Structure formats: C-alpha cells, structure tokens
Amino acid sequence: MQAEVTDLIEEGDRVVGLRVQAADGPREIHADLVIGADGRHSIVRDRAGLRVTNIGAPIDVLWMRLSKKPGDPAQTAGRFNYGRLLVMLDRGDYWQCAFVIRKGGYDAIRGRGLDSFRSELLRLAPLLHDRVAELKDWDDIKLLTVAIDRLEQWWRPAFVHRRCSSCDVAGRWGRDKPGNQDAVATAKHSGRPLAADAEYRRSRRGAKTPHLPDENDPALQVVVQERILGRILGNDEPIKAPWPVRLFNMFPILRRIPARLTAWGFAGARTDTGAPPNEAMARS
C-alpha cells in the first residue's frame with residue numbers, strides 16, 4: 001500500500017515483478033503474475049511497451065457531489081431532456097452527479113457563469129432547487145475527459161493489462177465491464193496454473209486468444225455516443241423518446257437485452273476455473 005510503481009522487472013521477455021517507490025524508499029516486488037490496472041495513464045502499460053489505439057469519444061462529463069435529502073428518489077436516476085443529460089448516482093447520504101456535455105464544451109459552459117450552470121441542473125432536476133447552492137465555485141465541479149481506447153495487444157509473458165479505459169479518473173464514471181471481462185479471461189487461463197504453482201506459460205495461450213466482448217464493446221460505445229448522445233446534446237428542444245425506448249416501455253421483458261449486454265457483453269464472459277469462488281479467492 002502507498003507505493004508508486006516506477007518500472008517493471010524483466011528477465012528476458014518475461015515480466016517478473018515491479019519496482020516501486022514506497023514510504024520507506026525504493027523496493028522491488030517479485031510476482032508470478034503482474035496485472036496492470038492503473039488507469040488511462042498507466043505506467044506499467046508504458047513500461048511494457050503496449051501500444052494504445054484511441055477510438056475517440058464525442059462527450060465529456062462534469063462531475064459533482066450534492067447532498068441527498070429525505071424524500072428524494074431511492075434509486076439511481078438518469079434525466080435526459082432539453083439537450084442535456086444528468087445522471088444521479090445514489091451514494092447513500094449524497095448524490096454523485098454526472099452532467100454529460102459535448103467534447104470540448106467545458107469552456108463555453110464555464111464562460112456562461114456558475115449561476116447559468118446551476119439553472120441548467122434545475123431544468124433537468126427541479127428536486128435539486130434547495131441544494132445547487134452547494135456548488136460554491138468551479139472547484140466543486142470536476143471535468144472528466146472521456147476517452148475510449150483499446151490495446152492492440154494486452155499481454156506479455158507473466159503480464160496482462162486491462163484492454164480499454166473510459167475516462168481519466170479510474171472507477172469514477174461509467175461501467176468497468178471491460179476490466180471485469182479481462183479479469184474473467186485471465187482467470188480462465190491462469191487460475192489453475194497459478195493455484196497449482198505451475199509454469200505460467202500455460203496461461204500465455206489464453207492471453208493470445210481474442211476475447212470477443214472487449215473487441216466489440218469499445219466501438220459499440222462510440223457508435224452509441226455519436227449517433228445518440230452526439231446528436232441530442234445541445235439541442236434545446238424537449239426530447240421525444242426514441243422508438244427503442246418506447247418499445248422497452250411497452251414490453252418490459254425486452255429490457256433484459258441491454259441489461260445482459262451491459263453486464264456480460266456479447267459472449268457472456270464467465271469464469272470456469274472449476275474452483276468455488278471462495279476457495280479460489282483464498283488460494284489467490
């Protein structure tokens with residue numbers, strides 16, 4: 001804990017550990033498997049020489065926190081109208097709010113002033129009328145630059161890295177399904193060898209295998225953002241629900257389709273290591 005990775009330790013073409021700067025000075029940590037999950041600006045990814053392909057994204061996000069009060073809705077809410085999108089994530093005693101904007105539109109929003117921005121929030125979510133004043137200055141509103149990218153190769157011997165990222169603050173916006181799928185793919189091919197203390201090269205075969213959900217999912221995100229969000233954001237007219245949404249309202253059972261794709265992807269990534277989850281966790 002509280003250690004910053006500075007480099008990889010390599011023997012030939014194999015990654016065998018990390019060099020870190022800890023509170024008590026530099027240290028070396030050796031491992032049978034090194035996993036890179038340190039965000040978009042990953043040090044271990046750069047040291048491993050993995051190349052990133054930027055797919056692009058037409059949106060950015062303004063991230064803020066507002067208090068939650070008795071009488072507020074109990075569930076996470078998404079509000080989409082008047083060319084604006086506000087997502088309110090229920091964090092128990094406060095709302096984590098994400099205001100979606102066109103890419104590069106932050107300066108224009110800030111130029112109109114904080115009062116104008118508060119008014120835009122209230123237009124979408126009138127229930128916030130008694131707490132938008134909690135946004136006292138622009139320091140209370142964080143810009144998250146959204147990017148969708150993918151590694152052309154996500155592995156080296158004894159090293160794997162998550163294949164794509166969605167924003168510059170890891171874990172704070174969007175879903176982490178690609179990271180979860182990478183973990184499943186890794187577990188399928190390296191869980192048994194690691195648990196049995198076998199040669200790690202057995203898992204290398206799995207890292208070479210294309211993993212359908214991740215290969216398609218980033219591109220699908222871009223298509224959705226460009227064709228739906230990109231066209232609607234900034235249009236100040238009231239929005240009529242598109243026909244797929246109306247269809248979901250008419251036939252609720254259809255809602256399982258996007259929910260399943262969001263959770264598992266196209267191929268349904270699931271572990272098959274053969275060990276009960278608690279046992280596998282204990283061994284790891």
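The values are calculated or read from the model by the stated rules, or taken from the named source; none is laboratory data. What you are looking at is a predicted structure, and each value in this text was computed from that prediction instead of being measured. All Cβ positions, glycine included, derive from the backbone under ideal geometry; neighbour counts span all protein chains shown.
When the residues of the stretch 129-165 are filtered to those that are loosely packed, with under 14 Cβ neighbours inside 10 Å and without any contact (Cβ under 8 Å) to a residue 40 or more places away in the chain, the one that is farthest from residue 115 (Cα to Cα) is 139.
A quick yes/no check of all residues on (1) in the same structural domain as residue 16 (by TED's automatic domain parsing); (2) closer than 20 Å to residue 149 by Cβ:
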| position | (1), (2) |
| --- | --- |
| 34 | yes, no |
| 44 | yes, yes |
| 85 | no, no |
| 108 | no, no |
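It is to be established whether one or more residues within the stretch 46-68 are outside the structural domain of residue 11 (by TED's automatic domain parsing) and among the basic types (Lys, Arg). Yes, the conditions are met somewhere in the stretch 46-68.
Of everything in the stretch 12-48, what is within 23 Å of residue 152 (Cα to Cα), over 27 Å from the mean Cα position of the chain (by Cα) and in a strand (DSSP E or B)? Give them in sequence order. Within the stretch 12-48, 14, 16 qualify.
For the stretch 49-69, a residue qualifies if it is assigned to a loop (DSSP other than H, G, I, E, B), over 19 Å from the mean Cα position of the chain (by Cα) and crowded, with 17+ Cβ neighbours inside 10 Å, and the qualifying residues are 50, 68. Where helices (runs of 4 or more DSSP H) fall wholly inside the stretch 81-200, the ranges with 2 or more residues that are at pLDDT 90 or above are 106-111, 114-124. Quick check on the stretch 76-86. Is at least one of its residues free of Cβ contacts under 8 Å to residues at least 40 places away in the same chain and touching a Cys at 6+ places or on another chain (Cβ under 7 Å)? Scanning the stretch 76-86 turns up at least one residue that is free of Cβ contacts under 8 Å to residues at least 40 places away in the same chain and touching a Cys at 6+ places or on another chain (Cβ under 7 Å). Checked against the criteria, residue 66 counts as closer than 25 Å to residue 136 by Cα, of a type in the set (A, V, I, L, M, F, W, C) and touching a residue at least 12 places away in the same chain (Cβ under 8 Å).
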